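Take a look at the structure below.
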Amino acid sequence: MSAVLSWAGDDDGLPTQALVHPSRSRSRRSQPGELPPEIEQAIWRGCDLGAQAGEVVSSGFEALDAELPGGGWPCQSIAEVLSPQPSVLEWRVIGPALRAIVATGRNVVVVGPPKTPHLPGLRHSGIDEKHLVWVRADTPAERLWCTEQLVKSGACGALVAWLPQARPEQIRRLQVCAQACEGPVFLFRPAAAQHEASAASLRVMATFALDWEIQVHVLKRRGPTHEGVVRLRSVPGGLESVLTPRLQMPSRLIATREGAPRDGTHHAPARPALSEGAARPVVHEAAVHALGGATPSARARRRATVR
């Protein structure tokens, strides 16, 4: 522990040298009951949305940025995106962020996607294939090794990797290595992984919804528990200009066909209740036969004939 030298005047008016402890020096500068600024900035209260230690990249959705610490996807850290079905909606969730990264001239490296990236769709989303590097890794060990080497090197503007079988200790090692990575690191994993421990600083669950929407629920973040979901309208690239107004809102089309109200609620048609002692409706056998059906007595005769 170092000490601070201060000078104070004695009775003769001459300066004298005195040793002052650093904590006492700071306490004299701060007001009573207040913490020094450097300590106040380092304190995070669990009821508040924490600030990201490093830089962030905007997700492209204002509603989602409002729920993420720092207002975007974190850099120098790992962000896990969980989804029920792989390689379906991941590009729609992180596409706006990747578009901003590619616009600066940096590359996006993709490791082990379950399906071949659709270049025309990515081009419609603003992601130039010239800045897209696809690393083909088939086995889980190859995907994990490539991801770890790329995170350590920090040679890409953003890293996108599919690691469905990664174990908690492997995620922890990637999180430590990502602290030296300048760009965001996205790990795509199945929805069942939400019940497993993870050292990633941010975890979100993305699912489908009607009207070309994606529902995002923040499972883990530096802040209070996220209640509910964030609805993000995201039409795949190239379809926005060809969809008719009716197809842009499928929920209204379904509600019109089923006779449900426009508010999205659907009620089954009520059936008239029979009063006690009322006669049950009788269906004639000839009418049932004309409609292609069979009455209980007809089915009994058929079974007897077969026997």
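The values are calculated or read from the model by the stated rules, or taken from the named source; none is laboratory data. In this text, all values refer to a predicted model and were calculated from it rather than measured experimentally. Using ideal geometry, Cβ is built from the backbone for each residue, glycine included, and neighbour counts are taken over all protein chains shown.
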Selected residue (criterion: surrounded by the most Cβ atoms within 10 Å (Cβ to Cβ)) from residues of region 120-144 that are without any contact (Cβ under 8 Å) to a residue 12 or more places away in the chain and either touching a Lys or Arg at 6+ places or on another chain (Cβ under 7 Å) or in a helix (DSSP H, G or I) (or both):
129
Can you confirm whether residue 195 is in the same structural domain as residue 98 (by TED's automatic domain parsing), under 19 Å from residue 96 (Cα atoms) and not charged (D, E, K, R)?
no
Go over the candidates 178, 158, 199, 137 one by one and state the one that is among the hydrophobic types (A, V, I, L, M, F, W, C) and farther than 28 Å from residue 118 by Cβ.
199
Region 202-258, subset of a type in the set (S, T, N, Q) and part of a helix (DSSP H, G or I), residue farthest from residue 184 (Cα to Cα):
256
With the structure loaded, tell me whether residue 235 is at negative phi and touching a strand residue (DSSP E or B) at 6+ places or on another chain (Cβ under 9 Å) or whether it fails that test.
no
Taking residue 1 as meeting all but one of (1) farther than 25 Å from residue 152 by Cα; (2) at pLDDT 60 or above, write down the number of the exception.
(2)
Pick from 222, 203, 233, 189: which is of a type in the set (Lys, Arg) and in contact with a Ser or Thr (Cβ under 7 Å, 6 or more places away or on another chain)?
222
The listed residue being surrounded by fewer than 17 Cβ atoms within 10 Å (Cβ to Cβ), within 17 Å of the chain's Cα centre (by Cα) and within 24 Å of residue 164 (Cβ to Cβ), out of 88, 93
88
Picking from 231, 203, 221, the residue that is modelled with pLDDT of 50 or more, surrounded by 14 or more Cβ atoms within 10 Å (Cβ to Cβ), among the basic types (Lys, Arg) and over 30 Å from residue 167 (Cβ atoms) would be 231
Every residue from region 103-155 that is farther than 16 Å from residue 188 by Cα, touching a helix residue (DSSP H, G or I) at 6+ places or on another chain (Cβ under 6 Å) and hydrophobic (A, V, I, L, M, F, W, C)
119, 127
